[in-house]
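Take a look at the structure set out below.
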Amino acid sequence: MIARLVGTPARALGAALLGAGSLAGAAVLLLPSASDLTSAALRATAGLGHAAPRTAAPAPPNRSPARLAALFHAGQPLTLPELRWLLATGARNEDAATLLAVARQIEPHEAVPTARVAWDVLAGGRPAVARAFLEQRPDAGDPALWQLRVDLARRTGDLAAARAMVDAAARHPGTAPPAQLVSAALATDLPEAVVLAAEHGAVPAPDARLSLDLVHRALAAGRGDLVARIDRSGSPAWREADPWLAMDLARRAHDYSAALHYAALLPSGRDEARRAIVLASGDRPAIRAMLLEMAGAGGDRPVLAQQLVEAGFRADGIALLQAEAATRPASDPIAARLLYLMGPRPDASGLQWLRNRAASGADWRQAYLEREQPGTALAWLTAQGDAATTPMLLARLRLAAAARDRAAGTALVAQLLDGRRLAPADLAALAAHAPPRLDPRLTLALAHARITAGTASAQDWRDLAWDASQHGRFGEAGALLGTWLARAPDDRAALRLMADVTRKTGGERAARPWLERAAALSAPDSLERAELLEQLGRPAEALAIVDRLRQAAPADRHLTAMAGRLLIAGGDPGRARRLLAAAEPAR
C-alpha cells in the first residue's frame with residue numbers, strides 16, 4: 001500500500017524504510033536534487049510555492065503592451081487594471097526604473113508582491129534587472145527575500161555582494177532563515193560564515209556531518225585555523241566519520257598520540273599509517289629500529305630503504321638494497337631504486353660496489369660508467385677484455401670526450417676508422433664525441449666511412465674531392481663531385497670546386513659551364529657573383545657589382561683592390577691607378 005502511495009520503486013523503498021522505523025534512510029531516498037531545491041526555494045520566496053503558475057491579467061481592450069508602455073512613459077494616467085497589465089508584461093522588457101515606477105502607482109490601491117515581480121523578471125532571463133528592482137523596493141530587507149537577494153547577486157556575478165550579505169546575516173540572528181543561511185554560505189564558498197553564524201546563534205550548532213563538510217571546505221581554502229572553531233561551535237565527532245583526516249590533522253599538530261589513536265580507527269592501512277606517524281614524529285632511534293625490524297620481517301625493502309634514507313639513515317638504506325640487488329640485473333626495480341638512492345655521484349664505497357658488479361653484465365657496467373669520474377672510468381674500461389669492440393670503443397670515446405682527453409680521443413677515432421664496418425648510428429656517435437679539429441687524415445677517413453654508410457654531408461663530398469684534386473687525382477675528384485652534384489645540383493661550393501678541377505684537365509672552356517651555373521645561383525649583388533663573373537671574363541658586370549658593394553663599405557681594401565683589377569681587365573688602367581691612389585691614404 002505504501003508503495004502505491006509513493007508511486008515509484010525508489011520511493012516505495014523509502015516508504016518501506018520509514019515504515020520499518022528508518023527515518024534517516026527514507027529521508028536520503030526522498031531528498032530532492034540541488035536544482036530542485038534551488039527552484040523550489042525561489043518559487044517559495046516569490047510566493048509561488050507548488051501551486052499552479054498564475055495567469056497574466058487579461059489585456060485591456062485596444063491597449064497593447066507597447067501602447068501602454070508608451071502612454072506610461074509619456075506621463076499619461078493609466079487605470080489600475082492597465083497598471084497591473086503593464087507590470088505583468090513589463091517583466092519581460094522594461095527596465096528596473098519603469099517597473100519600480102509602475103509599482104509605486106499601484107501600491108496606493110493594493111500591495112505589490114516584490115518577490116513575484118522579481119521572480120517574473122528573473123524567469124525572463126534578466127537577473128540584473130530583477131536585482132535592481134528588488135534592491136530598491138521598500139521591503140528589500142525582509143528576511144523572506146534574503147535568499148532571493150543573495151541568489152540574484154550571484155547570478156549577476158557580484159559574488160562580493162553575496163558574500164557580504166551572508167557575512168552580515170551570520171553576525172545578526174534573524175536576518176535570514178537558518179537553513180537558507182547555511183545553504184547560501186556554502187554556495188558562496190564561505191565555510192567561515194557558517195561557523196560565525198553558529199557562534200552568534202544565527203544557526204543551530206552544526207552536527208557531525210555538517211562539521212565534517214565545513215572542515216573539508218576550510219582546509220581546501222587553506223583555512224586550517226577554522227578547525228578549532230568548528231570543533232567549538234559544531235561537533236568534534238566528525239573525526240569518527242573521517243579518521244584519515246583526523247589523523248592527518250593530529251599529525252600536523254605534532255600530536256602523535258592522537259594521530260596513533262585515529263590510525264587505529266582506520267578501516268584499512270593501519271600499519272602503513274602507524275609507520276608514517278612514527279616517521280613524522282622525528283624520534284630517530286625509534287624510526288631506525290622500526291624500519292630495520294620491518295625489513296627483517298620481510299617488508300617491502302625498496303620502500304623501507306627509501307624511508308631510511310629520508311629519515312637520515314642513508315647508509316642503512318643503501319646497504320639494505322645492495323644486499324637485495326646483489327643477484328639481480330641493473331634493470332630490476334630493486335636495483336633501479338638502489339641506483340636512484342646512490343645518486344649520480346656515489347661515494348667511494350658505492351663506486352667500489354658498482355665496480356665489482358660491473359663484471360657481471362653490461363647493464364651494471366653501464367651503471368658504473370655513468371657514475372664514475374670519466375678519466376677513471378676510461379682507464380677501467382680500457383683494461384677490459386672487450387675494450388677493442390666497436391661498442392666499447394664508442395663508450396671509451398664518450399668517456400675521453402667527457403674527460404677532455406684529446407690524445408685518447410684521437411687514438412680511439414683512429415681505431416674506429418681502421419676499416420671496420422660502422423653503422424650510421426655508430427658514425428653519428430663517433431662524430432658527436434670526436435675531438436675538435438681532427439687530423440686531416442682522420443677527417444678524410446671519417447668522410448669516406450660516412451659516404452660508404454650513406455650518411456655523408458655535403459662537406460664530406462667536398463673534402464674528399466678537394467683532397468683528391470690537391471694530390472693530382474683529378475679524375476677521382478671529378479667523379480666525386482659529379483656524384484654529389486647529381487644529388488645536390490644547387491651546391492655552389494661544389495660547382496666552383498668542379499670548375500677548378502675541370503680547368504686543370506680541360507682549361508677555361510671546360511670550367512665555364514660550372515662557373516655559369518654557380519653564378520646563376522649566387523645572390524645578385526654579392527662578392528661571390530662578382531668573383532665568378534671575373535672568372536668568366538665579364539669584368540664590366542663584375543665591376544658594377546663591386547662598385548655597389550663599395551658604396552656600402554668604402555673602406556674595404558679587398559673590394560678596392562678587386563675594383564682596380566677589374567678596371568685593368570676591362571682596359572682602363574688609368575682609372576685603376578687613380579682609384580688605388582685615392583685609397584692609399586686610408587692605409
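The values are calculated or read from the model by the stated rules, or taken from the named source; none is laboratory data. In this text the structure is predicted, and so the values were computed from the model without any measurement. Here the Cβ is made from the backbone with ideal geometry for all residues, glycine too, and neighbour counts use every protein chain on show. Side chains included, ligands, DNA and RNA excluded: accessible areas come from the protein's heavy atoms. Shrake-Rupley method; radii C 1.70, N 1.55, O 1.52, S 1.80 Å.
Filtered by the rule that a residue be surrounded by fewer than 16 Cβ atoms within 10 Å (Cβ to Cβ) and under 19 Å from L159 (Cα atoms), region 175-190 gives a lone residue, D189.
Pairs linking a residue in region 289-306 that is under 11 Å from I334 (Cβ atoms) to a residue that is part of a helix (DSSP H, G or I) and open to solvent by less than 70 Å² (accessible area, probe 1.4 Å), with Cβ atoms under 6 Å and 6 or more positions apart or on different chains, are R301/A295; R301/L320; R301/E324; P302/I334; A305/G317; A305/L320; A305/L321.
With respect to A479, determine if the residue is closer than 30 Å to R441 by Cα and either of a type in the set (A, V, I, L, M) or open to solvent by less than 20 Å² (accessible area, probe 1.4 Å) (or both). Spell out how you get there, then give the answer.
Values: closer than 30 Å to R441 by Cα: yes; either of a type in the set (A, V, I, L, M) or open to solvent by less than 20 Å² (accessible area, probe 1.4 Å) (or both): yes.
Answer is yes for this residue.
Run down R116, R92, R104 and say which single residue is outside any helix (DSSP H, G or I), over 30 Å from A198 (Cα atoms) and open to solvent by 10 Å² or more (accessible area, probe 1.4 Å).
R92
Please state which one of A449, A411 is without any contact (Cβ under 8 Å) to a residue 60 or more places away in the chain and either more than 44 Å from the chain's Cα centre (by Cα) or exposed (fewer than 12 other Cβ atoms within 10 Å of the Cβ) (or both). Quick ask: steps written out before the conclusion?
On the way: A449 fails: either more than 44 Å from the chain's Cα centre (by Cα) or exposed (fewer than 12 other Cβ atoms within 10 Å of the Cβ) (or both).
Selected residue: A411, the only one of A449, A411 that is without any contact (Cβ under 8 Å) to a residue 60 or more places away in the chain and either more than 44 Å from the chain's Cα centre (by Cα) or exposed (fewer than 12 other Cβ atoms within 10 Å of the Cβ) (or both).
The criterion of at least 3 residues that are within 24 Å of S457 (Cβ to Cβ) is met, among helices (runs of 4 or more DSSP H) falling completely within region 484-587, by 492-521.
Would you confirm, using the coordinates I've provided, whether A383 is aliphatic (A, V, I, L, M), loosely packed, with under 15 Cβ neighbours inside 10 Å and more than 19 Å from L291 (Cβ to Cβ)? It is true that A383 is aliphatic (A, V, I, L, M), loosely packed, with under 15 Cβ neighbours inside 10 Å and more than 19 Å from L291 (Cβ to Cβ). Annotation: of all residues in region 302-342 being under 16 Å from L279 (Cβ atoms) and among the charged types (D, E, K, R), the one that is modelled with the highest pLDDT is D316.
Would it be correct to say that A228 is modelled with pLDDT of 90 or more and part of a helix (DSSP H, G or I)? When the stated conditions are applied, A228 does not pass them. Being surrounded by fewer than 19 Cβ atoms within 10 Å (Cβ to Cβ), at pLDDT below 85 and closer than 30 Å to A401 by Cα: is that true of S360 here? Answer is yes for this residue. In region 119-138, which residues are assigned to a loop (DSSP other than H, G, I, E, B) and in contact with a Ser or Thr (Cβ under 9 Å, 6 or more places away or on another chain)? R137, P138, listed by residue number. Inspect all residues belonging to region 421-439 and state whether any of them is open to solvent by 40 Å² or more (accessible area, probe 1.4 Å), within 44 Å of the chain's Cα centre (by Cα) and over 22 Å from D460 (Cα atoms). No, because not a single residue in region 421-439 is open to solvent by 40 Å² or more (accessible area, probe 1.4 Å), within 44 Å of the chain's Cα centre (by Cα) and over 22 Å from D460 (Cα atoms).
Sub-8 Å Cβ pairs linking a first residue in region 93-105 that is among the hydroxyl-bearing types (S, T, Y) to a second residue that is surrounded by fewer than 17 Cβ atoms within 10 Å (Cβ to Cβ) and assigned to a helix (DSSP H, G or I), at least 6 apart or interchain, are T98/H73, ordered by first then second residue. For the residues L430, L446, L397, the requirement of being touching a Gly at 6+ places or on another chain (Cβ under 9 Å), in a helix (DSSP H, G or I) and not β-branched (V, I, T) singles out L397.
Scanning region 152-174 for residues that are in a loop (DSSP other than H, G, I, E, B), closer than 22 Å to P127 by Cβ and not acidic (D, E) yields T156, G157.
Considering the conditions (1) of a type in the set (A, V, I, L, M); (2) farther than 25 Å from V278 by Cα; (3) touching a Pro at 6+ places or on another chain (Cβ under 9 Å), L351 is excluded by exactly one of them, (3). Scanning region 518-538 for residues that are open to solvent by 60 Å² or more (accessible area, probe 1.4 Å), over 19 Å from H558 (Cα atoms) and in contact with an Asp or Glu (Cβ under 9 Å, 6 or more places away or on another chain) yields a total of 1. Of all residues in region 204-237, those that are more than 36 Å from the chain's Cα centre (by Cα), among the aliphatic types (A, V, I, L, M) and under 14 Å from A253 (Cβ atoms) total 1. Within region 240-256, restricting attention to residues that are out of contact with any helix residue (DSSP H, G or I) (no Cβ under 7 Å at 6 or more places or on another chain) and within 22 Å of L308 (Cα to Cα), the residue that is surrounded by the most Cβ atoms within 10 Å (Cβ to Cβ) is D248.
Before we move on, is W484 open to solvent by 40 Å² or more (accessible area, probe 1.4 Å), at pLDDT 90 or above and among the aromatic types (F, W, Y)? In short, no. Mind checking whether some residue in region 191-206 is out of contact with any Phe, Trp or Tyr (no Cβ under 6 Å at 6 or more places or on another chain), open to solvent by 30 Å² or more (accessible area, probe 1.4 Å) and closer than 29 Å to A128 by Cα? Yes, there is a match, as at least one residue in region 191-206 is out of contact with any Phe, Trp or Tyr (no Cβ under 6 Å at 6 or more places or on another chain), open to solvent by 30 Å² or more (accessible area, probe 1.4 Å) and closer than 29 Å to A128 by Cα. When the test is whether a residue is touching a Phe, Trp or Tyr at 6+ places or on another chain (Cβ under 9 Å), closer than 26 Å to G361 by Cβ, free of Cβ contacts under 8 Å to residues at least 60 places away in the same chain and among the aliphatic types (A, V, I, L, M), A335 passes it. Scanning region 257-284 for residues that are within 16 Å of E310 (Cβ to Cβ) and either open to solvent by less than 40 Å² (accessible area, probe 1.4 Å) or assigned to a helix (DSSP H, G or I) (or both) yields E272, R275, A276, I277, V278, L279, A280, S281, R284.
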